[in-house]
1. Could you tell me the center-to-center distance, by alpha carbons, between region A:233-275 and region B:1-31 in angstrom?
2. How far is it, in nm, from the label point at A:VAL208 to the one at A:ARG104 when both lie 7 Å from their Cα along the line to the Cβ?
3. Ratio to report: Rg/Rh of the protein assembly as shown, with Cα atoms as the point set and Rh obtained by the Kirkwood method; give two decimals.
4. Could you pull out every residue, at least 5 positions away or on a different chain, whose amide H is within less than 5 Å of the one on A:ILE238? Hs are placed 1.01 Å off N in the peptide plane, and Pro or chain starts have none.
5. To the nearest 20 debye, what charge dipole does region A:173-308 have about its Cα centre, counting +1 at the Cβ of each Lys and Arg and -1 at the Cβ of each Asp and Glu?
6. Would you kindly find the accessible area of A:THR112, with a 1.4 Å probe and non-protein molecules such as ligands, DNA and RNA excluded, rounding to the nearest 10 Å²?
7. Whole-Hz ³J(HN,Hα) for each residue in region A:118-129, computed from phi via Karplus 6.51 cos²θ - 1.76 cosθ + 1.60 with θ = phi - 60°, x for glycine and proline: what do you get?
8. With a 1.4 Å probe and all protein chains left in place, how much accessible area per residue does region A:160-308 have, in Å²?
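The values are calculated or read from the model by the stated rules, or taken from the named source; none is laboratory data. These numbers were taken from a predicted model, which means no experiment stands behind them. Here the Cβ positions follow ideal geometry from the backbone for every residue, glycine too, while neighbour counts run over all protein chains shown. Keep in mind that these areas ignore ligands, DNA and RNA; they rest on the heavy atoms of the full protein, side chains included. Shrake-Rupley method; radii C 1.70, N 1.55, O 1.52, S 1.80 Å.
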Amino acid sequence: MNMVDITAAQAAYRDELVDAGLLIPTGVDGLYGRSGVFEDVVERFDALVTRWGGRDGAEVMRFPPALNRQYFEESEYLKSFPHLAGTIHSFGGDEKAHRTLLRRLEEGQDWTEDQVATDVVMTPAACYPVYPTIARRGPLPGEGKLIDVFSYCFRHEPSIDPARMQLFRMREYIRIGTPDQVVEFRELWLERGRAMMGSLEVPLDVDVANDPFFGRAGAMLSSSQREQKLKFELLIPITSSEKPTACLSFNYHQDHFGHLWDIHSADGDVAHTACVGFGMERVALALFRHHGFDTALWPGSVRKVLWG
Amino acid sequence: MIAGIRSVLAECGGLAVDAETLAINDDLYAAGLTSHGCVGLMLGLEEEFDVEFPEKLLNRRTFESIAAIRDAVRGLVDGGEA
């Protein structure tokens with residue numbers, strides 16, 4: 001399948017989803033409303049994640065889909081992904097500037113000149129607010145920490161691929177502790193992820209992956225990430241079997257966030273971190289692709305897993 | 001060239017040890033070179049030696065030791081592929 005075919009397949013699936021009423025278009029690629037049926041599947045999958053991971057004693061944290069800009073700046077996200085970041089700006093001018101703004105708006109000119117950056121930045125991944133929060137509490141307890149987050153995330157990558165939304169939800173478990181604790185967590189979820197998604201009867205594969213780092217420095221980071229097998233993805237074909245879609249990811253950050261935020265284990269060493277992320281919309285899209293748009297007609301075994 | 005590499009390592013590599021104490025075949029990753037440190041090192045070497053690493057050299061192996069860096073930079077300075 002070449003790029004033209006892949007793009008056509010993505011556009012076709014998006015149109016099918018819109019025609020079926022599962023996604024509600026807004027006129028912006030990658031920005032959709034969701035129907036009740038779509039949300040039901042997301043909620044049932046969210047509950048399934050809790051069934052698999054909820055007994056591990058994670059501390060639940062729910063943040064709005066935005067970050068303290070200072071945390072965002074300290075995270076070095078702009079070093080690696082400047083092209084994906086979404087900063088929130090607001091009008092900062094006086095009455096004269098307001099009149100200018102309205103005039104430009106009316107004349108169809110650029111009206112954004114007097115917009116200034118606020119203290120708020122869109123959350124790029126659900127785990128970002130967690131690290132500075134944990135760092136503020138001081139050294140970790142001996143057993144480390146396990147955190148459960150769920151948030152809308154923003155990435156500026158408009159696409160006609162319904163599986164590449166600009167605003168989408170990510171559930172995550174985040175492990176913070178010694179290298180042994182963190183690696184054990186990731187191994188556990190690599191196994192669980194396969195088993196959990198297998199129970200939904202979708203074709204899947206797990207493979208080494210890399211993040212979409214920016215520029216030549218990014219090429220270096222991507223190749224290093226792959227060589228060290230720091231990121232794995234659980235892939236499910238949605239619009240292409242040759243280029244299946246990452247629906248879960250298993251990430252070992254080594255001591256990157258520990259260093260950035262000065263998080264220390266009980267023994268005083270810099271903490272290591274890892275996370276498992278569940279792409280809620282992508283999983284829903286994969287289920288609709290493989291089991292059809294009418295959830296009442298899904299295989300009984302899959303319905304039982306999700307709805308009981 | 002080795003002295004130049006050591007000086008870039010000391011300035012940009014973020015190593016846990018003194019770059020002067022490293023033998024040219026010592027493993028830089030074992031000496032504390034991180035992925036992000038490696039990016040700083042790569043950019044520092046490009047500036048120091050006025051070269052540009054092609055994409056196929058942007059991997060961990062290129063920067064694994066002072067000797068490996070020397071070989072790569074030498075290949076680029078000589079105007080050919082490393």
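1. Using only Cα atoms to place each centre, the spacing works out to 28 Å.
2. Simple spin-label model gives 4.9 nm for this pair.
3. A ratio of 1.01.
4. Long-range HN contacts for A:ILE238: A:THR245.
5. Dipole magnitude for region A:173-308 comes out near 500 debye.
6. Rounded to the nearest 10, that gives 60 Å².
7. Along region A:118-129, the couplings run 8, 7, 10, 10, 5, 5, x, 8, 4, 7, 4, x Hz.
8. Result: 38 Å² of accessible area for each residue.
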